[in-house]
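Worksheet: one structure, shown below.
The values are calculated or read from the model by the stated rules, or taken from the named source; none is laboratory data. As the structure is a prediction and not an experimental result, all values here were calculated from the model. Neighbour counts run over all protein chains shown; Cβ positions are idealised from the backbone, glycine included.
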Amino acid sequence: MSLAIKGTVYGTLLNFRAEYEAWAPHMHEAPYKAPPKAPVLYLKPANTWSGDGASIVVPRGTEQIEIGATLGLVMKAPGQVGSLVLMNDWSIPHTSYYRPPVKFKCLDGFLGIGSPVNAQGLDPRALAIEVRVNDRLRQTVRFDDLVRTPAQLLADVSEFMTLGTGDVLLLGLAAERPLARAGDIIDISSEPLGRLRQQLVAEAA
């Protein structure tokens with residue numbers, strides 16, 4: 001399956017205000033002892049990428065995985081947003097704040113990618129994503145209460161690294177994320193951005 005994304009995909013932690021506030025009591029604990037000053041990023045490498053209609057394998061021993069509906073800013077030139085894309089940043093549920101979430105978030109297929117849509121005239125802060133599991137509405141994700149607005153997030157990231165043409169910056173994940181299990185069909189949709197549908201399947205014995 002050919003995907004429109006060609007660059008590097010960067011996830012963002014702690015950018016939804018409710019998520020940030022939930023972790024705030026731990027931010028003064030060792031080893032960091034202070035809240036992060038810059039955006040907290042992680043990679044979603046190419047092995048995680050999966051498209052519309054893909055089957056996502058739930059690892060043996062894992063009952064459910066988190067649905068991480070979000071938006072991606074796709075760069076048309078270094079530091080310039082050209083399009084928006086629906087993303088599903090799948091994750092095995094975990095409570096680690098200090099360790100990079102590679103083992104939980106970078107499994108094969110664990111980033112659902114929709115079709116990019118021209119960003120001209122679209123304000124991500126005004127968009128909403130509906131999450132359905134087996135056609136039942138489970139969540140509506142809005143982007144009007146972020147710690148960093150899309151423009152500010154991009155500006156702050158650009159202070160320490162260059163996002164090149166084709167790179168994608170995710171806006172973050174809601175504090176509460178629905179869970180799904182093998183056999184479930186998950187749809188995430190947004191009126192101007194279309195739909196991304198994927199199904200969870202059990203890992204073969």
Yes or no: Arg181 at pLDDT 95 or above, out of contact with any Asp or Glu (no Cβ under 8 Å at 6 or more places or on another chain) and surrounded by fewer than 18 Cβ atoms within 10 Å (Cβ to Cβ)? no
So which residues in the range 9-43 are free of Cβ contacts under 8 Å to residues at least 12 places away in the same chain and under 30 Å from Pro78 (Cβ atoms), if there are any at all? Pro35, Lys37
At least 3 residues that are under 23 Å from Val131 (Cα atoms) and more than 16 Å from the chain's Cα centre (by Cα) in each: list the strands (runs of 3 or more DSSP E) lying fully within the range 1-117 that qualify. 55-58
Out of everything in the range 60-104 that is among the basic types (Lys, Arg) and out of contact with any Ser or Thr (no Cβ under 8 Å at 6 or more places or on another chain), what residue ends up being modelled with the lowest pLDDT? Arg99
For the condition modelled with pLDDT of 95 or more and surrounded by fewer than 20 Cβ atoms within 10 Å (Cβ to Cβ), what is the one hit in Glu176, Glu130, Glu191? Glu130
Here are some residues: Gly82, Gly61. Which one is without any contact (Cβ under 8 Å) to a residue 60 or more places away in the chain and in contact with a Lys or Arg (Cβ under 6 Å, 6 or more places away or on another chain)? Gly82
Looking at the range 30-50, can you tell me whether even one residue there is buried (at least 18 other Cβ atoms within 10 Å of the Cβ), closer than 18 Å to Ser189 by Cβ and not polar (S, T, N, Q)? no
Would you check if Asp123 is modelled with pLDDT of 95 or more and more than 20 Å from Ser83 (Cβ to Cβ)? no
Tell me, which residue of the range 162-205 that is within 24 Å of Asn15 (Cα to Cα) and of a type in the set (Asp, Glu) is farthest from the chain's Cα centre (by Cα)? Glu191
